[in-house]
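**Q** Here it is, the structure in full.
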Amino acid sequence: MLDDLLPLVRKPIRYTGGEYNITLKKHPRIFVGLVFPEVYELGMSNLGIKIIYHLFNREPDVQCERVFAPWPDFGDRLRANNIAPYGLETKRPVNDFDILGFSLQSELCYTTVLYVLDLATIPFRAADRGPHHPVLIAGGPATLNPRPMSQVFDAFVVGDGEPVIGDLVRILKEIPFEKKNERLRAMSEVPGVWVPRISGYDTRIEKRTVNALNGNAVPFPPIVPICDITHDRYVIEVMRGCTWGCRFCQAGYTNRPLRVRPESEVLSAVEKGIRQSGWEEVSLLSFSILDYPDLLNLIRKLNEILQRKMISISLPAMRGELFSEDLAMLIKEIKKSGLTFAPETASDELRRRLNKSFSNERLIASIDTAYRLGWKQVKLYFMVGLPFETDADVDEINRLADAILRTSSRGNIKISLSSFIPKPHTPFESIEFAPIAELEEKIRRVKSKKSRRMEVKYQAPDVSYIEAVLSRADEKIFPVIESVYRAGSKFEEWREGFDFARWQNAFQEHGINPQDYLKPRTAYPWDIVDIGVHKDFLHKEFQRSRLAVLTENCFYAKCVKCGACAEHRPVHYQSADKYQGAIPDRSGAPRPIIFRVKYAVGEGFRYASHLDITRTIYRALRRSDLPVRYTEGFSPVPRVSFGPPKSVGQISKGDYFDLHLAAEYFGNISRELNSRFPPDIRVLDIRAIDAKTPSLSRSMHLIYYEVEIAHSEMRKTIDPAAGEPIYVETRSGKKNILPGIESIADNNGVLICGLYCGEGQVSIYDLLSYLTDLPLAEAKKFKVSRTSMFIEEKGELLSPMEAK
């Protein structure tokens, strides 16, 4: 059934699974679905879901699978055909799992949660579900106030998920599926887990905290996506938590204490992770990456490991004042990745109130360093609507931008503006959200600056307003969320998915004034959650903010008595020695060493694009022991030349690429490649070719196809020998397709045709659209296989492997 639907939707590869390094068990007893209520590309960029997937699948009796929200085009077809969302690993419907664990990264995903449940015909409210339904558990940042969705989920994991996994697996093993209430009762006794219907709404929940970052929780082997994802790289978490104490930052307070992964474990994890993934970039993840002890020496050691495979290093958004020329030189050694600073405001005075004090001069110097060393663009994060903010503070953003652009004529600025949201568990939790009209005016003033070197992006204030309301609400808000979903909202973090009028109508329908949730109160819905940081400390920090008094970072100075560190408090250190390492040998081969490779593309990659196939082969080559030659320039990749690209929806029994090596390889190249390729890409043949051999793209002359198509679906026939022009509407306009057809025949439900390459070539789907009288989009439902290819030399057709 899925094969009938996938050709008709946008980016079907999102829904096929089969990625490299997924986990499949032969005889599991327990089934866990990890649901990320967003599209695949965002979900597979999230490290947290990968960690939980890895920990569940370490248990021999557990099959853990990933579930992502289908984009509406696919969701509509699933609904029309009564197909529930499913796990990518085995296509198991979500209704048939023991547990569905939802990752709530933002309050704006709440309507998408309902969308996934609705597609699966699972009742929204826990009270309406029976023992035959899965247990629904929520985790992630939005559970720091679990009450808005407490009518939906059976249980919430508050804090770090790693230490909870073992307890959940034990409960699932000991208590059978049909005894759901017993399972929930047992879960309510696990530290860090809140079960509203059993624990009650007044029970205090102590956030669960993992004591140290160690190798056991590093996702291994890492799943390598087939398609491009939002953050497409190998990610290693080097620190968790942050002690700078930025007073607006929920993550900085709720993720305390600070935990630092030892350098030796970072190096080991990266070396193993790249060996098993082949990613071209490694990202060091932390809320404040420049605090990592002895960071420069760590990057020097990583570069020594990664430069042989031409793998670059990227860093997340950082504090501008800590960026240095030495750091810039190290992270640009292979490739300059994006560079992002987060000043939050352009006012030095307001920055002191936020407890994020550094000078604009230091920020400008950091950006000038980046431009001077070759970066073309720097991204800057700012907020408007901050506590104590004045109009002059807002105008300071453009003055800072002017100063940056005047200092250097080399680069561009990309400004990202967001509205300040007074999140729970921060010193600013009692601040009111600024009026939407006021925020719009502040954004307009920043956008009013016109410069070809400056771009301003922003989140609409009405979106931030709803996020603020949901983050601060209680269980009474759920009927509003349900009404908004029923009115058509989902994927609300996407511009096309959000409609403020739906929220306004739902508030009015249920008699709720959203402003009530935004006003200061003596008690808040989230007070039931103990994040480990004392409430008194947060109150004192607010008073210090009013006085513009800074609080020290305890990683560099004395303890500030916040309450988060139960035992040992980590202290920053920096080595006085500079790691030298080995000097890389980048000498190339004395002469070109080129191999032509024939390979097959199977069902697992039918819906992969040519770029997906290219990326997969590049990563397999990086995983291999072959001495691959890399391209020069900004973004080095294996030097590979491909034949004509296959289209989405096709498999191939014989595609080709030319591989360049930097040195002789005396092993079996075919065996080495097949050991690194995914199961549905197989090397069939390989031979050395001369550097003067014409390229595949220039020399390919003819491709044969087989199409599974019933004779009854054919509305027209074609006789290539007749010579009569056949005009069809193609994407490029009206075209005579007859010169592009070498042969065509119907063989008992299989259409066999040969199509010429080069000038005048015909798309197989344009041909099928003509033969069936179907629109081009619907003609893509037929299963197409590329069976063979031929080059032409001196008027003779040859296999590409016979090229001279």
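The values are calculated or read from the model by the stated rules, or taken from the named source; none is laboratory data. Fair warning: this is a prediction, and the values are worked out from it, not measured in the lab. Cβ sites come from the backbone with ideal geometry, for glycine too, and all protein chains shown count toward neighbours. With ligands, DNA and RNA removed, areas are computed over all heavy atoms of the protein, side chains included. Shrake-Rupley method; radii C 1.70, N 1.55, O 1.52, S 1.80 Å.
**Q** Quick check, is F31 open to solvent by less than 30 Å² (accessible area, probe 1.4 Å) and either under 26 Å from E493 (Cβ atoms) or in a strand (DSSP E or B) (or both)? Explain how you work it out, then say what you get.
**A** On the way: open to solvent by less than 30 Å² (accessible area, probe 1.4 Å): no; either under 26 Å from E493 (Cβ atoms) or in a strand (DSSP E or B) (or both): yes.
Here the answer is no, as F31 does not meet what is asked.
**Q** Still on this structure, please answer the following. Restricting attention to segment 781-798, does a residue exist that is closer than 23 Å to D690 by Cβ, open to solvent by 60 Å² or more (accessible area, probe 1.4 Å) and of a type in the set (D, E)?
**A** The answer is yes, given that some residue of segment 781-798 is closer than 23 Å to D690 by Cβ, open to solvent by 60 Å² or more (accessible area, probe 1.4 Å) and of a type in the set (D, E).
**Q** While we're looking at this one, here's another question. Cβ-Cβ below 9 Å, separation at least six or inter-chain, first residue in segment 100-125 and in a helix (DSSP H, G or I), second among the aliphatic types (A, V, I, L, M) and open to solvent by 10 Å² or more (accessible area, probe 1.4 Å): which pairs?
**A** Listed by first residue and then by second, the contacts come to L108/V463; L119/I83; L119/A84.
**Q** Pick from segment 195-218 the residues that are assigned to a strand (DSSP E or B) and in contact (Cβ under 8 Å) with a residue 60 or more places away in the chain: which of them is most open to solvent (accessible area, probe 1.4 Å)?
**A** E206
**Q** Any idea which of E89, E59, E38, E65 is outside any helix (DSSP H, G or I) and under 15 Å from T112 (Cα atoms)?
**A** E38
**Q** On to the next question. Has segment 444-456 got at least one residue that is assigned to a helix (DSSP H, G or I) and in contact with a helix residue (DSSP H, G or I) (Cβ under 9 Å, 6 or more places away or on another chain)?
**A** yes
**Q** If you go through segment 338-359 one residue at a time, how many are surrounded by fewer than 19 Cβ atoms within 10 Å (Cβ to Cβ) and either on the phi > 0 side of the Ramachandran plot or in contact with a helix residue (DSSP H, G or I) (Cβ under 7 Å, 6 or more places away or on another chain) (or both)?
**A** The total comes to 4.
**Q** Just to be sure, is V394 more than 31 Å from the chain's Cα centre (by Cα) and either open to solvent by less than 10 Å² (accessible area, probe 1.4 Å) or in contact (Cβ under 8 Å) with a residue 60 or more places away in the chain (or both)? I'd like the intermediate steps shown before the answer.
**A** Numbers: more than 31 Å from the chain's Cα centre (by Cα): yes; either open to solvent by less than 10 Å² (accessible area, probe 1.4 Å) or in contact (Cβ under 8 Å) with a residue 60 or more places away in the chain (or both): yes.
Answer is yes for this residue.
**Q** Another question, if that's okay. Suppose we keep only residues that are without any contact (Cβ under 8 Å) to a residue 12 or more places away in the chain and part of a helix (DSSP H, G or I) within segment 502-527. Which one would you say is least open to solvent (accessible area, probe 1.4 Å)?
**A** That would be D527.
**Q** What pairs come up if the first residue lies in segment 53-82 and is within 15 Å of P219 (Cα to Cα), the second is open to solvent by 20 Å² or more (accessible area, probe 1.4 Å) and of a type in the set (F, W, Y), and their beta carbons are under 7 Å apart, counting only those six or more places apart or on different chains?
**A** Listed by first residue and then by second, the contacts come to H54/F220.
**Q** Condition first: open to solvent by 50 Å² or more (accessible area, probe 1.4 Å), over 44 Å from the mean Cα position of the chain (by Cα) and within 13 Å of L767 (Cβ to Cβ). Can you find one or more residues in segment 717-726 that meet it?
**A** Scanning segment 717-726, I find at least one residue that is open to solvent by 50 Å² or more (accessible area, probe 1.4 Å), over 44 Å from the mean Cα position of the chain (by Cα) and within 13 Å of L767 (Cβ to Cβ), so the answer is yes.
**Q** If you check F555 against the conditions, is it of a type in the set (F, W, Y), farther than 17 Å from I431 by Cβ and either out of contact with any strand residue (DSSP E or B) (no Cβ under 8 Å at 6 or more places or on another chain) or open to solvent by 10 Å² or more (accessible area, probe 1.4 Å) (or both)?
**A** Judged against the criteria, F555 is a match.
**Q** Continuing with the same structure: For F605, work out the one condition from (1) more than 19 Å from R671 (Cβ to Cβ); (2) open to solvent by 10 Å² or more (accessible area, probe 1.4 Å) it doesn't fulfil.
**A** (2)
**Q** Looking only at residues in segment 47-91 that are touching a helix residue (DSSP H, G or I) at 6+ places or on another chain (Cβ under 9 Å) and aromatic (F, W, Y), which one is surrounded by the fewest Cβ atoms within 10 Å (Cβ to Cβ)?
**A** Checking each candidate, the answer is W71.
**Q** Can you confirm whether segment 16-25 contains a residue that is at pLDDT 95 or above, surrounded by fewer than 18 Cβ atoms within 10 Å (Cβ to Cβ) and more than 21 Å from the chain's Cα centre (by Cα)?
**A** yes
**Q** Here are some residues: G754, G723. Which one is within 30 Å of S695 (Cβ to Cβ) and not hydroxyl-bearing (S, T, Y)?
**A** That would be G754, the only listed residue that is within 30 Å of S695 (Cβ to Cβ) and not hydroxyl-bearing (S, T, Y).
**Q** Now for a separate question. Out of curiosity, is S357 among the polar types (S, T, N, Q), at pLDDT below 95 and farther than 21 Å from S408 by Cβ?
**A** Answer is yes for this residue.
**Q** In this structure, is I703 assigned to a strand (DSSP E or B), modelled with pLDDT of 90 or more, more than 40 Å from the chain's Cα centre (by Cα) and hydrophobic (A, V, I, L, M, F, W, C)? I'd like the intermediate steps shown before the answer.
**A** Details: assigned to a strand (DSSP E or B): yes; modelled with pLDDT of 90 or more: yes; more than 40 Å from the chain's Cα centre (by Cα): no; hydrophobic (A, V, I, L, M, F, W, C): yes.
It is false that I703 is assigned to a strand (DSSP E or B), modelled with pLDDT of 90 or more, more than 40 Å from the chain's Cα centre (by Cα) and hydrophobic (A, V, I, L, M, F, W, C).
**Q** How about segment 370-388: which of its residues are surrounded by fewer than 19 Cβ atoms within 10 Å (Cβ to Cβ), more than 18 Å from S288 (Cβ to Cβ) and not aromatic (F, W, Y)?
**A** Passing the criteria: R372, L373, G374, K376, Q377.
**Q** For the list (1) over 24 Å from the mean Cα position of the chain (by Cα); (2) open to solvent by 10 Å² or more (accessible area, probe 1.4 Å); (3) at pLDDT 95 or above, I need the number of the one condition that R247 fails.
**A** (2)
**Q** Being within 25 Å of the chain's Cα centre (by Cα) and either more than 27 Å from F428 (Cβ to Cβ) or in contact (Cβ under 8 Å) with a residue 40 or more places away in the chain (or both) is the requirement here; does P221 meet it?
**A** So P221 fits the description; yes.
**Q** Just checking, which of I531, I443, I431, I481 is under 30 Å from A403 (Cβ atoms), buried (at least 20 other Cβ atoms within 10 Å of the Cβ), within 29 Å of the chain's Cα centre (by Cα) and among the hydrophobic types (A, V, I, L, M, F, W, C)?
**A** Just a single option satisfies the conditions, and that option is I443.
**Q** Filter segment 154-180 down to residues that are among the β-branched types (V, I, T) and either without any contact (Cβ under 8 Å) to a residue 40 or more places away in the chain or assigned to a helix (DSSP H, G or I) (or both) and give me whichever is farthest from W194 (Cα to Cα).
**A** Taking the candidates together, the pick is I175.
**Q** Restricting to segment 149-166, name every residue that is under 16 Å from R208 (Cβ atoms) and out of contact with any strand residue (DSSP E or B) (no Cβ under 8 Å at 6 or more places or on another chain).
**A** E162, I165, G166
**Q** Name every residue in segment 715-742 that is touching a Gly at 6+ places or on another chain (Cβ under 6 Å) and assigned to a strand (DSSP E or B), in order of residue number. Spell out the reasoning first.
**A** So in segment 715-742, the residues touching a Gly at 6+ places or on another chain (Cβ under 6 Å) come out as 739-740, 742.
Answer for segment 715-742, where residues must be touching a Gly at 6+ places or on another chain (Cβ under 6 Å) and assigned to a strand (DSSP E or B): just E742.
**Q** Which of the residues belonging to segment 743-759 are open to solvent by 50 Å² or more (accessible area, probe 1.4 Å) and either farther than 17 Å from E708 by Cβ or not in a strand (DSSP E or B) (or both)?
**A** N747, N748, Y756, E759
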